[in-house]
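Take a look at the structure below.
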Amino acid sequence: MFERPGGGEKAVLVQLDFGHGDIPERLEELKLLAASAGAATVAIVQGRRERPDPALFAGKGKVAEVADAIHDGDADIAIFNHELSAAQQRNLEKELGCRVVDRASLILDIFAQRARSHEGKLQVELAQLQHMATRLVRGWTHLERQKGGIGLRGPGETQLETDRRLLGKRVKVLKDRLKQLERQRAVRRRARSRREMLAVSLVGYTNAGKSTLFNALTKAGAYAADQLFATLDTTSRRLYLEGSGQVILSDTVGFIRDLPHSLVAAFHATLEETASADLLLHVVDSASADRDAQIEAVNGVLEEIGAAQVPQILVWNKIDATGVEPAVERDAYGKIIRVRVSAKTGAGLDLLRQALAETAREHAEPVSSVVNAA
């Protein structure tokens with residue numbers, strides 16, 4: 001769908017401050033996103049504004065600065081860590097003489113590179129087409145307003161209608177296929193719930209260490225790497241817990257702040273696995289200075305997908321980088337709220353297994369008491 005910033009393309013990164021704060025963390029994240037997409041950063045342009053410029057987003061002076069950075073660094077692409085309108089993107093490409101990618105397009109591109117399963121690829125394509133559809137409509141609205149007119153009748157409008165029709169047909173095909181896969185997933189979930197097994201989903205900010213933790217607990221060998229969105233496809237494994245039997249543990253896609261809505265919509269079926277879980281292990285990179293904002297971003301996405309009410313245990317990961325001891329933390333009522341671990345070294349994993357076993361027993365208690373009553 002989008003041209004991929006791969007093959008060692010050189011990029012100029014643009015981060016503007018509109019008074020929201022946490023700029024160093026956002027900039028660090030943008031560098032990681034660019035690297036994950038395969039781009040080499042040659043320059044970073046920063047600036048402050050009260051509000052985005054309607055035409056160029058960054059204003060003429062700042063755009064000239066970006067143009068100089070592109071020229072000096074022989075860059076192929078400018079990456080804005082913001083959402084650009086279709087008009088702003090077109091205007092910037094005209095001014096800068098190179099491709100311009102915004103945050104949403106960059107994340108979509110990374111997802112396109114990472115998708116491995118059939119369902120994952122379908123979901124990414126749907127998200128890209130939906131993103132493209134909004135740009136197609138906005139990009140051609142001047143022709144719609146003209147209603148033809150001299151020099152505009154025929155090909156222009158016909159092309160727009162053709163593009164929309166083909167795009168609409170493909171979107172429908174993808175949605176139908178994903179619905180079918182969603183039904184199959186629902187059947188598997190019902191079968192699991194009939195077996196009364198505790199369903200646990202790992203959630204967390206991208207690169208918090210979910211897949212490393214999943215592998216450490218289940219010996220599954222799922223792909224884990226120090227990069228953003230290493231995991232897109234949900235992987236589920238049975239995990240035996242001493243004293244409480246088996247639970248189902250699922251590794252899911254990582255979340256990020258300002259996740260494109262088209263992605264959340266397209267990954268609805270995958271994310272539903274999270275919403276239907278009995279327990280969420282919210283994995284946090286405890287070594288990150290931005291961890292509180294990351295926790296907030298994850299909880300925001302959980303709310304969006306209808307999983308805000310699912311019980312959570314915070315898993316304070318990467319304690320090997322902070323020098324903190326492994327421990328289980330409880331609230332005033334004795335309920336487990338946080339477990340401190342290192343998925344990399346294995347420190348505290350025995351405590352996490354015990355916490356899961358305790359939750360599994362609590363989950364099974366109402367069932368056994370109903371059976372006894374009968």
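The numbers here are math on the coordinates, done by the rules we state, and not lab data. Just so it is clear, the model here is predicted, and its values are computed rather than measured. Quick reminder, even Gly has a Cβ in these numbers, built from the backbone with ideal geometry, and neighbours come from all protein chains shown.
Before moving on, here are some points about what is shown:
- Under a 5 Å amide H cut-off, with hydrogens placed 1.01 Å from N, Arg99 pairs with Ala78 among residues at least 5 apart or on other chains.
- Across the cross-link table entries Lys121/Lys344; Lys10/Lys121; Lys121/Lys219; Lys219/Lys344; Lys94/Lys169, which are compared at the Cα atoms, the separations over 20 Å belong to Lys121/Lys344; Lys10/Lys121; Lys121/Lys219; Lys94/Lys169.
- Derived scalar couplings ³J(HN,Hα) [region 48-54; Karplus, 6.51 cos²θ - 1.76 cosθ + 1.60; whole Hz; x for Gly, Pro]: 10, 9, 6, 8, x, 6, x
- Backbone phi angles across region 86-98, fed through the Karplus curve with coefficients 6.51, -1.76 and 1.60 (θ = phi - 60°), yield HN-Hα couplings of 4, 5, 4, 5, 5, 4, 5, 4, 5, 5, 8, x, 8 Hz in residue order; Gly and Pro are listed as x.
- Distances between placed amide hydrogens fall under 5 Å for Phe255 paired with Gly204, Tyr205, Thr206, all partners being 5 or more residues away or on another chain.
- Ranked packing of 15-27, 115-127, most packed first, by mean Cβ within 10 Å: 115-127, 15-27
- Scalar couplings 3J(HN,Hα) for region 162-167, obtained by applying the Karplus form with A = 6.51, B = -1.76, C = 1.60 to θ = phi - 60°, are 5, 4, 5, 5, 5, 5 Hz; x denotes Gly and Pro.
- When each of the peptides 292-303, 322-333, 72-83 is scored by how many other beta carbons lie within 10 Å of its residues on average, the order from highest to lowest is 72-83, 292-303, 322-333.
- Beta bridges from DSSP with both residues in region 243-348: antiparallel share about 30 percent, rounded to the nearest 5.
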